[in-house]
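This report concerns only the one structure given below.
FYI, it's all coordinate maths here, none of it is from the lab. These numbers were taken from a predicted model, which means no experiment stands behind them. Neighbour counts are summed over all protein chains in view; Cβ atoms, including those assigned to glycine, are modelled from backbone coordinates with ideal geometry.
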Amino acid sequence: GESVGLHLPTLSVQEGDNSIINCAYSNSASDYFIWYKQESGKGPQFIIDIRSNMDKRQGQRVTVLLNKTVKHLSLQIAATQPGDSAVYFCAENNDYKLSFGAGTTVTVRA
Amino acid sequence: NAGVTQTPKFQVLKTGQSMTLQCAQDMNHNSMYWYRQDPGMGLRLIYYSASEGTTDKGEVPNGYNVSRLNKREFSLRLESAAPSQTSVYFCASSEPSQGIAQAFFGQGTRLTVV
């Protein structure tokens with residue numbers, strides 16, 4: 001079965017609001033996590049990553065939070081824009097092979 | 001800089017036919033991967049190659065074979081296609097030796113087996 005999963009398959013967000021996408025993982029030994037964005041008809045694109053020795057990492061308009069106690073990962077997108085509409089995947093590194101969750105489809109409402 | 005290039009982009013096969021999906025990367029990465037993506041599911045690893053000359057099975061290897069032709073190229077072969085292999089296939093590469101485990105993906109090959 002999957003070791004990485006997302007809490008919700010879909011998320012609808014008003015343009016300008018913040019988005020929060022959640023992910024639960026089961027392998028407590030995982031040491032590296034990545035968030036990918038996949039637009040329709042394209043391959044996944046790297047957004048941000050975080051190592052298990054960190055709790056938080058920020059990028060441009062995105063923040064990833066890692067809670068190792070409850071094995072939970074989240075991606076926060078600030079001021080969501082129409083171009084953020086996509087499927088978002090969390091991935092867990094296991095010996096340099098990535099295990100993916102099922103994805104959350106984010107739809108931005110104008 | 002092309003990154004990861006996959007060919008073809010689309011393919012329709014009849015049950016029992018064979019075909020090879022091609023993948024090439026120009027980032028000088030050691031590791032390459034083949035994933036499949038089915039509706040409502042994440043990507044599942046078919047095969048991977050940690051370095052030139054090595055290949056290993058992933059989560060769903062049955063019905064597939066791979067060849068790491070050289071450092072740049074990693075091909076995926078379906079010997080006898082089945083409808084269950086209808087999927088979108090993604091090739092990816094990464095460079096673990098630099099501590100970079102993130103994988104860079106190609107645009108995908110959409111395969112339909114009828």
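Per residue of peptide B:43-56, the mean number of Cβ atoms on other chains within 10 Å of the residue Cβ is 2. Once backbone amide H atoms are built at 1.01 Å from N, B:GLU59 has B:LEU45, B:ILE46 as its partners under 5 Å, excluding neighbours fewer than 5 places away on the same chain. The distance between label points at B:ARG110 and A:LYS42 comes to 1.6 nm (points 7 Å beyond Cα on the Cα→Cβ vector). Listed by chain and number, the lysines whose C-alpha is less than 30 Å from the C-alpha of B:LYS14, apart from same-chain residues fewer than 8 away, are A:LYS42, B:LYS57. For chain A, relative contact order (Cα pairs under 8 Å, six or more residues apart, normalised by length) works out to 39 percent. Across all C-alpha atoms in segment A:14-110, the radius of gyration and Dmax reach 13.1, 42 Å.
Listed by chain and number, the lysines placed with their C-alpha closer than 26 angstrom to that of A:LYS56 are A:LYS37, A:LYS68, A:LYS71, A:LYS97; residues fewer than eight positions away on the same chain are left out.
Orientation-averaged projection of segment A:28-85 equals 4.5 nm² [convex hull of Cα atoms, one quarter of hull surface area]. Global size of segment B:1-93: 12.7, 37 Å for Rg and Dmax (C-alpha atoms, Rg to one decimal, Dmax whole). Computed from the alpha carbon atoms alone, the convex hull of the protein assembly as shown holds 124 Å³ per residue. Which FRET efficiency, nearest 0.05, do A:LYS68 and A:ASP95 yield, Cβ-Cβ r, R0 25 Å? That pair, A:LYS68 with A:ASP95, gives E of 0.85. The trypsin sites (Lys or Arg not before Pro) of segment A:35-107 include none that meets both criteria, a DSSP state outside H, G, I, E and B (loop) and at most 11 other C-beta atoms within 10 angstrom of the site's C-beta.
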